[in-house]
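Read through the structure below, which is laid out as structure tokens, and then see the notes.
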Amino acid sequence: MKIRLGWLTIVTALIVVLIQGSVTAYPTLSGKPPIVIGHRGASGYLPEHTLEAYKLAIEQGADFIEPDLVSTKDGVLVARHEPNLIDTTNVSEIAQFADRKKTIAVDGAEQEGFFSDDFTLAEIKQLRARQTRSFRDQSHNDQYEIPTFQEVIDLVKQVEASTGRKIGIYPETKHPTYFDQLGLSLEEPLIKVLVESNFTDPARIFIQSFEVKNLKDELPQLMAAEGINLPLVQLFDEFQLQPYDFVVSGDARTYADLITADSLKNFVATYAKGIGPWKRSFVMTAPVEPPMDTNGDGVAETKERLTGEVLPVIQNAHAAGLQVHPYTFRDEEQFLTTDYNGDPMAEYKQFYELGVDGLFTDFPDTAVKARG
Ligand SMILES: *[C@@H]1O[C@H](CO)[C@@H](O)[C@H](O)[C@H]1NC(C)=O
Ligand SMILES: *[C@@H]1O[C@H](CO)[C@@H](O)[C@H](O)[C@H]1NC(C)=O
């Protein structure tokens, strides 16, 4: 009996070694598999930034969920992609709010709508969320509330209590300069809610921003005062653009200047643990000529194809000790280059093999499946 058990143990150990040896080793910074980040929840399926969409992302296997944060008039952080509520909620159909409609500049660009900073939390709670993309499922519109950041944390804690799964949260400060100028700074309530909720495990949080000053100066000061140190992620817009706080302060640097090997090492890595570039800013594409009517609606669409050129952003970031989490991966054919033949798995596999440490996706189920 003892001998048999011994053999069983050896055979089992051998099988384990064989299986582990055959598992793809991902060229991530840590050597661990890349993380799947549910972008605005499982927003390919349900109206973005709702508890229902975050819950679905978690059920589909997302490691992190991503709430974008804006402020209400009374200084409460709620999950929305932009301060303007017109596209993602039913605000324009509620008579009592009709007089809140206005045209203002957000980061220098004029837009008309209803802005979160004109609504108290109690008022925002009267709105219901909508699917913003016409080609996605509209059947969940006008049902779900706009969640507060606190409610997002509470959801993740409930999941942990009932399943044991430790999901991470990847909040983004949206238009921090815009909210600073309104006296509704995002960083203080963000750190306060995290500390009061005891959600300060650095393995379960990344704080991201397209601006620099709040990552480099404001958040580190606030965290130091609380005795916490959470990883920060510098997002990169299209490279010819500038972070909006640089526009305001007169700093001439563009995102292209910030993403050089030297800048990643000697600037970004001094305050951030990762970068979030647009996937097409370093895996280069070009228009397919001539435009083709690929969906048969009589209109020729300009499709993109991969050129084969890949800028060394991942290598440079890894050399600087920075993780790379590109955005945004989407299943639908119109978001894929022609090279993938309509198969989103092919795109994920390409980026996993390039060594990304994680990625933002509207379809966490597909990203998890492609990771294998
Ligand atoms: C909009 O939101 C309200 C809640 O304030 C809800 O009762 C209503 O059904 C929603 N839909 C429309 C079309 O107004
Ligand atoms: C706070 O969270 C940590 C895990 O990150 C846990 O070990 C600790 O017990 C919690 N403290 C309180 C007061 O709940």
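The values are calculated or read from the model by the stated rules, or taken from the named source; none is laboratory data. Since the structure is predicted, the reported quantities are computational estimates derived from the model, not experimental observations. Don't worry about glycine lacking a Cβ; one is built from the backbone with ideal geometry, like all the others, and counts go over all protein chains shown.
Annotations for the structure displayed:
- Qualifying residue in region 162-170 (condition: touching a residue at least 40 places away in the same chain (Cβ under 8 Å), outside any loop (DSSP other than H, G, I, E, B) and touching a helix residue (DSSP H, G or I) at 6+ places or on another chain (Cβ under 8 Å)): yes
- Residue check, Q221 modelled with pLDDT of 95 or more and within 16 Å of ligand 1 (Cβ to nearest atom): no
- Enumeration of residues in region 93-132 that are within 11 Å of ligand 1 (Cβ to nearest atom), part of a helix (DSSP H, G or I) and not aromatic (F, W, Y): E93, A95, Q96, E123, I124
- Sole residue being away from ligand 2 (no atom under 16 Å from the Cβ) and either farther than 26 Å from Y178 by Cα or at pLDDT below 95 (or both), chosen from Q131, Q60: Q60
- Strands (runs of 3 or more DSSP E) (entirely within region 246-348) containing at least 1 residues that are surrounded by fewer than 14 Cβ atoms within 10 Å (Cβ to Cβ): 283-287, 304-310
- The residues of region 244-301 that are at pLDDT 95 or above and among the small types (G, A, S), listed by number, are S249, G250, A252, A256, A261, S263, A269, A272, G274, G276, S281, A286.
- Selection count, region 123-135, where residues are more than 18 Å from A98 (Cβ to Cβ) and either buried (at least 18 other Cβ atoms within 10 Å of the Cβ) or more than 22 Å from the chain's Cα centre (by Cα) (or both): 3
- Residue identified as on the phi < 0 side of the Ramachandran plot, out of contact with any Leu (no Cβ under 8 Å at 6 or more places or on another chain), outside any strand (DSSP E or B) and more than 16 Å from ligand 2 (Cβ to nearest atom) among A225, A203: A225
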